[in-house]
Amino acid sequence: MRPETLRFALEHGRFYRGPDSLVVFFGKQEVARYRYLGSWVERLDGLVIVLDDDGGSILTVYKNREGPRRAGRKRDTLLDRAA
């Protein structure tokens with residue numbers, strides 16, 4: 001993924017607090033809002049960017065079209081079991 005595409009998603013996505021992380025979700029609402037910029041925005045649908053707790057570093061990037069409620073859910077469950 002191009003750095004400018006990630007930067008766009010970070011600037012315009014929805015932020016959520018995860019366990020020891022920040023989660024940025026770029027979903028259908030954001031695609032509808034920015035579709036006028038071009039078809040490349042539609043490829044971002046379901047993009048999840050996980051940042052470290054202070055938001056300084058990207059930990060991982062993946063796609064999850066099920067929505068922000070499901071983003072990071074598997075990780076939350078794994079952390080709960082480990083504790």
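What follows draws every value from the coordinates through simple rules; no lab data is involved. Here the structure is a predicted model, which is why all the values come from computation and not from measurement. Methodologically, a virtual Cβ is constructed for each residue, glycine included, from the backbone with ideal geometry; neighbour enumeration extends over all protein chains shown.
Ranked highest first by average number of other Cβ atoms within 10 Å, how do 45-58, 21-34 line up?
Numbers: 45-58: 15.3, 21-34: 17.4.
The most tightly packed comes first, giving 21-34, 45-58.
Couplings 3J(HN,Hα) of the range 34-51, computed from phi: 10, 4, 4, 6, x, 5, 4, 5, 5, 5, 7, 4, x, 6, 10, 10, 9, 10 Hz, in residue order, whole Hz [Karplus 6.51 cos²θ - 1.76 cosθ + 1.60, θ = phi - 60°; x for Gly and Pro]. Take the Cα of R33, step 7 Å toward its Cβ, do the same at S57, and the gap between the two points is 2.9 nm.
In terms of surrounding Cβ atoms within a 10 Å radius of their Cβ, Y36, Y16 rank from fewest to most as Y36, Y16. Would you please classify the overall shape of the range 1-47 from the alpha carbon gyration tensor, given that a ≥ b ≥ c denote the square roots of the eigenvalues, rounded means a/c under 1.5, and beyond that prolate means a/b larger than b/c while oblate covers the rest? Prolate is the answer for the range 1-47, as a/c is 1.5 or above and a/b outweighs b/c. Annotation: amide H of N64 within the under-5 Å range of L47, V48, sequence separation 5 or more or interchain, hydrogens built in the peptide plane.
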